[in-house]
Amino acid sequence: MEFMHPDAIEADRDAVTGLPSLESARRRLAEWLARGARVHALLIGFRRFDTVNLAYGEAAGDAALGEVAARLRHFAADELDSAWIATRGRGGQFLLLSSEECSRERWQLACAQLLDALAGAIPTAAGTLRLSPRGALLRAVPDEDADSILDRLGHTMESAMASPGRRMAWADGEAISAGRSAAQLEADLLRALDAGEIEVVYQPQFSCLDDRLSGAEALARWNHPKLGRIGAGALFAIAERADHVPQLSRHIARLAMDGAKAWPMDLRLSLNITPNDLAADNFAEEFSMLSVQCGFPAWRLTLEVTEQVLLGDVGHASRALGALSARGIRIALDDFGAGFCNFRYLKLLPLHYLKLDRSMIEGVIGDARDLAVLRGIVAMATALDLKVIAEGVESEGQRALAASEGCAFYQGFLRAQPMSGADFLSLARG
Ligand code: C2E
Ligand code: CA
Ligand code: CA
C-alpha cells in the first residue's frame, strides 16, 4: 500500500495532529488524478467545535483534534486497501482522500462507520467530550481537478452544517440512500459464511533476532458480492449486532487452520479471539476440539486476546486460557499500550507474549518519552517471562529500534501486508 505516513514528510506536517499539510495532500491528490486514479473523498466537520474550546479550554480542544486524527488514521489503515491521505482541512475540518476502487454504497458505508468512530467519547484532561461530526462525500468525476474536488466538498460541508438533521451529504447532490440497512447486512452475513465470502488473509511475523519468518496472524475479510471487500473491524461490528460472533469466529478459526496445515512445521499461526468468544462457558473445550478436528497441532497455535477480556469475568477468562495453555496453545495479550495497560492484571492471565499496539511503535522514533515507556514495558514483560511482539512496524528505524530494545518478533507493513493463503504459502516455502 502506498499511503501518506507523517514520518515521510517530517517538515510538512500539522503541529497539532501530526497529519500531513493540506498543501502536500493536494499535491498527492493531483498526482493521483494525473494518472487517472479513482478518487473518493470525505470532508469531516464538527458542529460547534468552537464551543469545545470555550467550555473545555484550548488544550482540550487540541487534544480532541489529536484524537480525531488518530482515529481517522487508524480507520483508514484498517479499512482501506489502496492508497489514502488524511489531512487537516481549514478550521477544525479533516479531509480523507482515497484511491480505492469501490462502489458508491461502499464509500458511504465506510464514511458512516468513520463518523460513528469519531462521535465516540473522547477523554481529555479537562473531562470527557463528544463531538458531532458531519461528512461531505464525493466521488471525483472524470477529468476533475484537485481544486474542483476541494471546492465541491467545501460547499457541501457548508450546507450540511446548516441543516442540523443531516449527518452526511453527497457533493453531487444525490440524496443519501438508506444504503444497505443494518438488518440487510446482518442477513447478508448469515449467508456469507456458507457462500464462502469470508476470507482469511495472513500477515507474516518475523523474528527480530535474524529476520526469519516465524509465522502469521490470521485476519478476516468479507468479500461482499455488492459492497466489495469489507475489513475486519466492520465485519465484527456487524456480527456483534447480529449476535453471530461465535459462529463467525469458529468459521474463521477453521478456515485459518485449514490454510495453515500446509505450512512448514516451524511456523506458528495466531488467531484473534474476542472477549465474547472467551466468555462462553465451554470455549476452551470447544476450541481444543476444533483444532483436533482441523488436524492442526495445538503447540503451533497462539490465541490473541485484548485487555478487554479483563472487563468481564477475569476468573473465568484466566481459567479458560489456563486450560488452553495446558494443551500447548500459547496466549498473547494483543494491543498492549492502547488501552488501560493494567500491569497488575498481567500476572493473573497465563500469558506467553505481549503484543505492543502499533500506537506504541508509531511514536518511538523521535519521542524520548514514548521510547522510555517502551523500555519500561519490555523490561516488565521480560521480568514476567513474556516475549514481546512489536506490531505496526512500518519503517526500518522502527524495526531496528524494536530489535535493539529487546522485542522478540515484529509484524508490519515494512516487511509484509496481510496476504492470501496462497501468497503466504509461497513466501513460507520460498
Ligand atoms: P489486530 O489484531 O491488532 O490486527 C492488526 C491490524 O493491524 C490488522 O488490521 C493489520 O492489517 C493492521 N496492520 C498490520 N501491520 C500494520 C502496519 O504496519 N501499519 C498499520 N497501520 N496497520 C497494520 P485488520 O486486519 O483490519 O484488523 C483489525 C482488527 O480486527 C484486528 O486488530 C483484530 O482486533 C480484529 N480482527 C481481525 N481479524 C479478526 C478475526 O479473525 N477474529 C477476531 N476476533 N478479530 C479480528
Ligand atoms: Ca491481533
Ligand atoms: Ca494488535
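Structure above, values below:
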item	result
Between the stretch 67-93 and the stretch 173-226, the alpha-carbon center distance in angstrom	20 Å
Whether the stretch 32-117 is rounded, prolate or oblate, judged on the alpha carbon gyration tensor where a/c under 1.5 counts as rounded	prolate
Cα-centre dipole for the stretch 222-332 with unit charges at Cβ (Lys and Arg positive, Asp and Glu negative), debye to 20	420 debye
Extension reserve of the residue 342-residue 59 stretch, reckoned as 0.36 nm per residue once the Cα distance is removed	99.2 nm
Trypsin sites (Lys or Arg not before Pro) restricted to DSSP loop in the stretch 184-240 with at most 16 other C-beta within 10 Å	212, 226
Per-pair calculated FRET efficiency, R0 = 25 Å: residue 384 and residue 316 via Cβ, rounded to 0.05	0.70
All lysines inside 19 Å of residue 355 as judged from Cα atoms, apart from same-chain residues fewer than 8 positions distant	347, 387
Amide hydrogen neighbours beyond the local backbone of residue 214, cut-off 5 Å, H modeled	205, 206, 207
Folded to 0 to 90 degrees: helix 283-294 orientation relative to the chain principal axis, Cα	80 degrees
Cα long-axis angle, helix 314-326 against the chain (0 to 90 degrees, to the nearest 10)	50 degrees
Rounded if a/c under 1.5, otherwise prolate or oblate - the stretch 99-222, Cα gyration tensor axes	prolate
Tilt relative to the chain, helix 22-34 - C-alpha long axis, 0 to 90 degrees, to 10	90 degrees
Partners for residue 226 among aspartates and glutamates (Cα-Cα distance below 15 Å; same-chain residues under 8 apart left out)	101, 105, 186, 188, 197
Helix-only [θ]222 nm of the chain, DSSP H runs n ≥ 4, -39500 (n - 2.57) each, per residue, nearest 500	-13500 deg cm²/dmol
The stretch 127-203 - percent relative contact order, Cα under 8 Å, separation 6 or more	28 percent
Label-zone membership for the stretch 393-425, site residue 101, 7 angstrom Cα→C-beta point, backbone N under 17 Å	420
Relative contact order %, the stretch 182-429, counting alpha carbon pairs below 8 Å whose residues are six or more apart	20 percent
Gyration tensor verdict on the chain (Cα atoms; rounded if a/c is under 1.5, prolate if a/b is larger than b/c, oblate otherwise)	prolate
Dipole moment magnitude, nearest 20 debye, the chain about Cα centre, only Lys, Arg, Asp, Glu C-beta charged	480 debye
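Throughout, read-outs are computed from the coordinates displayed, never taken from laboratory work. Since the model is a prediction, treat every value here as computed from it, not as a measurement. Neighbour counts are summed over all protein chains in view; Cβ atoms, including those assigned to glycine, are modelled from backbone coordinates with ideal geometry.
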